[in-house]
1. Out of the residues in segment 695-718 meeting the condition of being in a helix (DSSP H, G or I) and touching a residue at least 40 places away in the same chain (Cβ under 8 Å), tell me which one is nearest to Met918 (Cα to Cα).
2. Can you tell me which residue is modelled with the highest pLDDT among those in segment 462-499 that are in contact with a Lys or Arg (Cβ under 6 Å, 6 or more places away or on another chain) and within 28 Å of Ser675 (Cβ to Cβ)?
3. Suppose we filter Arg518, Arg494, Arg504 for residues that are of a type in the set (Lys, Arg) and crowded, with 18+ Cβ neighbours inside 10 Å; which single one remains?
4. Listed residues Val269, Val354, Val370; which is surrounded by 18 or more Cβ atoms within 10 Å (Cβ to Cβ) and at pLDDT below 90?
5. Out of all the residues in segment 897-927, which are buried (at least 21 other Cβ atoms within 10 Å of the Cβ) and over 28 Å from Gly728 (Cβ atoms)?
6. Read through the list (1) at pLDDT below 85; (2) surrounded by 15 or more Cβ atoms within 10 Å (Cβ to Cβ), then give the number of the only condition that Lys107 fails.
7. Within segment 556-602, which residues are β-branched (Val, Ile, Thr) and either under 21 Å from Leu524 (Cβ atoms) or at pLDDT 90 or above (or both)?
8. Looking for whichever is buried (at least 21 other Cβ atoms within 10 Å of the Cβ), under 30 Å from the mean Cα position of the chain (by Cα) and assigned by TED's automatic domain parsing to the domain that holds Arg884 here; the options are Ala780, Ala761. Which one fits?
Amino acid sequence: MDPARWQRLSPLLDALFELPVEARAERLRELRDEDAELTDELEALIALEEERTDFLAEPLTPARMGAQPGTVVGPYRLDRLLGEGGMGQVWLASRADGLYQRRVALKLLRPGLTDTNLRLRFTRERQILARLAHPHIARLLDAGITTEGLPYLALEYVDGEPITDYCRALDKPVAQRLRMFQQVCDAVSHAHANLIVHRDLKPSNILVTPAGEVRLLDFGIAKLLDSEVPVVEQTRTGMRAFTLHYAAPEQIRGEPVTTMTDVYSLGVVLYELLTDRKPYKLKRESDAAWEDAILFNDPLKPSQTVLRRIERDTHEDYSHVADLRRRARVLAGDLDNIVLKALSKRPEQRYPSVEALALDLRRYEEGRPVLARSQGVGYRVRKYFARHRWTLLTATTVVVVLGLSIGLVAWQARQALAEAARAQAMQDFMVGLFEQAGGAPGQAVDLRSLLATAEARDRAEPQRQPRARAELLGLLARLRLGLGDYREAQTLLRRQAAIVDNTRDIPDSLKLESLTLRGQMLALQDQAAECIALMQPFLDLARNEQAQLPPQSSQFYSQLGRCRRAAGERQGARQMYERSLAVRRETPSDDVGIVENLIDLAALQGDAGDTAAALRGYDEAMDHLRVHVSTRHPLAVDILRQRCALRRVQGHAAAAEKDCQAALDLALQLHGADSRAGVDARRQLAALHVDEGRYAQAQREFALTQQWLVARLGPEHPDVARNYNSLGITAWERGDFAAALPALAHAVAIWRKGSDRGLLAAGLFNQAMVLHDTGADADALPLLEEARRLRVAQFGARHGLVGDTDRLIGEVAAALGDHARAQAALQSAVALTREGYGAEHSHTLRAELAQARLLAVAGNAAAARRLAEIASLPPSDSERSKTRWLARAYLAEARCRREPLLAGPALDAVAADMQAAMPEGGAVLREVLGIRADCH
């Protein structure tokens, strides 16, 4: 049927279905006088309805062909359709340009729609999402225009299910449902604070992740309260912008919407969340019936709706019936009134804001009188008795009440005295500690000796107050962590945990501090999963104490985020970092904490492969540190080291070395040489020395740091393995295979015991690279195949690292005489590195070199030309210079069989250039000299 014709028939058909048979016949006679052909079509459709109840199960108008899986939209490739509505479609999509891996929810305007209002809504949604930054609102990641001129939005992909389905499936108790609804209120309140009304709140736009976190979606018809752009609302005969079942009466009437419109929709969602039913029960499902119910019918109380479920669902088992009865008792009274107030027909009778609704729910949870009920004396007294029933039951006389008051004052006085005594005891302990430290006059006190004395004294005086001991042990543990004394810190934290976990009346602040320190210790030991298992159960405690204990809560969030990041849970880590940052921005004088979280968020960008965004994040952190704190701060060392690592990945060796050297200098000034910060900065600078051919210097620095790492982290720590790997690569570059292979094998053995598959793949690759250089290609090939499997599993089959592995597989296969496999692997290597890194990256050029070498030796003229092109590239950095030298050597190698008299001098010239630039030699120079030796 033609869509325009159906647009004319649909409202008339709805109206006729609502009429009794006699009235319907009369109405059809009236219509026949106006349009006989139209009446014939209506009678035919009514007859089909009477014959087949499912004749309208499929749409009468053909659907327009839209985007298909695999279609590329901007930098994204569509994977599968997640959903669609009247305005657009939402697809699960992934990055198609290879810059980094990300899954997004891509929203497209439905193809073929030319309605200007829909395009305006789409543009307005982009503007709205750009305003919003809240942990419970799906973020806008990107926006653009397709090649067909249709706009699209790339949103955070939320892997979840509607809040009502989630609670129903897991049979969540009412208290948990209310807590999740509070998250929804927080998100909507944030939108209202930014002058945005959502206007389409419904369960399908409120998803819950597997972790139990709420995400608010779809601001497609939201309204900007500070915008003067008119918004058209249509009801019966037009295409609705809102969902009818959750629409407020003023939306049905086409009146202006306000924040109280969202309050009504939230009331419908809350009703369904508490009862698993909608607030209106209709005899016949139709749009007209729904509109009438929303405008004129009063919803049943939620508690009565639950009781009616028991009456109607006779098949329910006894345990479920008992659960429903308990739920009805919980809903009766305050919750009934809260829900019905939110569902008031007149906006002025509802809650004036979402915050007011959330506040009334909080009053209910705290046992206080709610504003949705009349505040009579009897009601307030009952609520007071419910909150204080145990105290009031014992307070039967004025004398007892007075006695309790006096006792309370006395208790507070004792608490104050205990606090004073605890503070005095801590002061006496520290003063005595320094007095005992003694030493010769003018001689500096060694900090480690001082800490050892403090620990010994604590063990010798176990009678001290438990809380004071726990605080002291936490202080000593923090100092030990700062010095890199991890074993001593772990011992102190075990002793503190024994006190905190087994002593009553330990304050929440001390609990959170202890948990944060223990989580930090576990993270340093590469036990991210254990850290999450320790801290996750106390997330509600941190959230509840967030307002009273912002420093402790924000530190808790940050450490849990770091453990989640170490476990590969990037989205969960981002939630914690953003929550911590929000708390710290509201806390005066916590600029250091803000910088910490800016560093954390930039690190996540780097993990996702967005190097440019990560660098911007680190620059923002450094700017904040410079303006609000000082650049002579330990956090500046972290920022400089992270920037160095990213610039090294980009191939900017000079800029990377500048940052690394600055980080080392500052670490030595602030912490001294015997510190973790100084050791990490020295190792990073040594890795740059390897890139630049300064192998002897790099090996000395790696050897020095190895002793420190083993002494403090133990011989099996992943960071110790990293250093073994660095020692192995340095020895290989120097030609010391006897030292290189055992060091690399040791690193791989440690990484096999850990959880980081990326580190294991890198170690296997390096081990195979050295074996290939020694001629042990048969031993190298299985290691490369395992490394490739690990990288495909971690990054996907199209990642640049997979291309690097294919390049070495091709070289090994060629050395083993398997030219077919070598050609296939090198062809894959060129394609994947070009896609993953770009055409001018050193990894791509090395892959092209290996492929061109194989073909040029066989006489391929095009391959020889490509070698000549690479040899003539400008030498922008050390890696590019090595690539150019190899290209010249491979070109001479290809000519060697035909023109040995010309090839020999060319190889001599390459070797001479390399020896002048790299006095210490290296693996690349050895390869060139090997080619020269074979070219007789």
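The values are calculated or read from the model by the stated rules, or taken from the named source; none is laboratory data. Not measured: the values here are computed from a predicted model. Cβ sites come from the backbone with ideal geometry, for glycine too, and all protein chains shown count toward neighbours.
1. Tyr695
2. Leu493
3. Arg518 is the lone residue from the list that is of a type in the set (Lys, Arg) and crowded, with 18+ Cβ neighbours inside 10 Å.
4. None of the others qualify; the one that does is Val370.
5. Ala903, Leu907, listed by residue number.
6. Unmet for Lys107, out of (1) at pLDDT below 85; (2) surrounded by 15 or more Cβ atoms within 10 Å (Cβ to Cβ): (1).
7. The answer is Val583, Val592, Ile594, Val595, Ile599.
8. Ala761
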